[in-house]
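The block underneath contains the structure these notes are about, expressed in structure tokens.
The values are calculated or read from the model by the stated rules, or taken from the named source; none is laboratory data. Predicted model only: the values in this text are computed from it and were never measured. Ideal geometry is used to build each Cβ from the backbone, glycine not excepted, and the neighbour counts take in all protein chains shown.
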Amino acid sequence: MRTVRNVHERHIAAPAEVVGALLDRVSSPDDPLSPSPVWPPIRFDRPLGVGADGGHGFVRYSVGAYDPGRSIRFDFAPPSNGFHTLSTQPLDSGGCRVSHVLEQQQGLKSWLLWTLVIRPLHDTMIEELFDNIERAATPGTLTRPYRWSRRARLMHRLVTARPKATAVPAGAELANRAFATPDFADACAIPLAPGMPRDPHAWRDVLPFEIQATAPNELLLGEDAGHLDFRASVLIADDTVTLTTVVRTHNWRGRLYFAVIRRFHPPIARRMLRRAYRRLVFAAPVAPLRAQTPAQ
């Protein structure tokens, strides 16, 4: 076993009381600090306080100690051990120092996972959280946001949420009405993170085809051809985006063509949806900017 200690600090040109009030909003519905949607939001099963259980993404922890306006200690859930803390300290200059400290005992396997995969992601997420503190506490002063390393970008791509196959939703009315008797229908879906667009038109680039119909929460794309017609529906409902495909063949050429394509269609559809998801994740405004411009 070896002890891993990871420390991040930043001076903020704002009083500790101002930054402490921001810390107190971590995990709340209007959390100004969690760097989502690029990263999973911090969520607990109850308001922030000792005993609150949750985490962000696959990292699970509970609140072990909480000094409002000053510090929060998060204890990792078993079988993990250790903790990480987020705190602020006043400085004589009138500003404050924000610190994040992670400490954990790790065996060889955990240490390798931490070193090769987790640490680049962790370091980037914490620095982006600090960026959000600066944006929220001192609006307009952050001129050089944290720059991602190549390893962090690669690791983030590997751990980003992936669409999963699902039943064609009943709410996809445009897709369900597209053809009276479709020869094929399938769907894949992925949950939306806070800050991602809920307008289906924002997902227009999922497929580069003509718009066939629109509804308040659904967009229908597609094309007609001599051998087959297809439609692709983008539905936003229950904080989830669902891509539904329906196909109608016209003749033996269409049936033969789609007999081959249908084997490759599901992974291709999931890949296209995931690509659009990642593009919109990185294009979305961060939490402090969303708070300043609610219309976005």
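Annotation note: of R144, R135, the sole residue that is assigned to a helix (DSSP H, G or I), farther than 17 Å from I236 by Cα and either basic (K, R) or over 23 Å from the mean Cα position of the chain (by Cα) (or both) is R135. Comparison of L112, L121 shows that the only residue that is in a helix (DSSP H, G or I) and loosely packed, with under 14 Cβ neighbours inside 10 Å is L112. When region 172-191 is filtered for residues that are touching a residue at least 40 places away in the same chain (Cβ under 8 Å), assigned to a loop (DSSP other than H, G, I, E, B) and either of a type in the set (S, T, N, Q) or surrounded by fewer than 19 Cβ atoms within 10 Å (Cβ to Cβ) (or both), the ones remaining, listed by number, are F179, T181, P182, D183.
What do you reckon, is L86 without any contact (Cβ under 8 Å) to a residue 24 or more places away in the chain and of a type in the set (A, V, I, L, M)? The answer is no for L86.
Counting the residues of region 2-59 that are of a type outside the set (S, T, Y) and not in a strand (DSSP E or B) gives 36. Of all residues in region 149-167, those that are in contact (Cβ under 8 Å) with a residue 40 or more places away in the chain and in a loop (DSSP other than H, G, I, E, B) have Cβ atoms under 8 Å from Cβ atoms of residues that are surrounded by 13 or more Cβ atoms within 10 Å (Cβ to Cβ) and hydroxyl-bearing (S, T, Y), 6 or more apart or on another chain, in T160/Y277; A161/Y277; P163/Y277. Among the residues making up region 250-289, a single one is of a type in the set (F, W, Y) and touching a Phe, Trp or Tyr at 6+ places or on another chain (Cβ under 8 Å): F258. For region 1-52, a residue qualifies if it is among the acidic types (D, E) and within 25 Å of P120 (Cα to Cα), and the qualifying residues are E9, D31. Among the residues of region 212-248, just one is acidic (D, E), modelled with pLDDT of 95 or more and closer than 20 Å to A165 by Cβ, namely E218. Scanning region 57-79 for residues that are more than 24 Å from the chain's Cα centre (by Cα) and either of a type outside the set (S, T, Y) or at pLDDT below 95 (or both) yields a count of 8. Residue count for region 120-178, restricted to those that are more than 21 Å from R274 (Cα to Cα) and assigned by TED's automatic domain parsing to the domain that holds E9: 27. If only residues of region 212-235 that are outside any strand (DSSP E or B) and touching a strand residue (DSSP E or B) at 6+ places or on another chain (Cβ under 8 Å) are counted, the one that is nearest to P266 (Cα to Cα) is H227.
Looking at F44, F58 in this structure, which one is of a type in the set (A, V, I, L, M, F, W, C) and within 29 Å of P139 (Cα to Cα)? Of the residues listed, the single one that is of a type in the set (A, V, I, L, M, F, W, C) and within 29 Å of P139 (Cα to Cα) is F44. The residue list F258, F209 contains one member that is in contact with a strand residue (DSSP E or B) (Cβ under 7 Å, 6 or more places away or on another chain), crowded, with 16+ Cβ neighbours inside 10 Å and modelled with pLDDT under 95, which is F258. Taken over region 236-268, the criterion of being β-branched (V, I, T) and assigned to a helix (DSSP H, G or I) is satisfied by V260, I261, I268. Only one of the listed residues (T115, T124, T85) is over 25 Å from G64 (Cα atoms) and of a type in the set (S, T, N, Q). That residue is T115.
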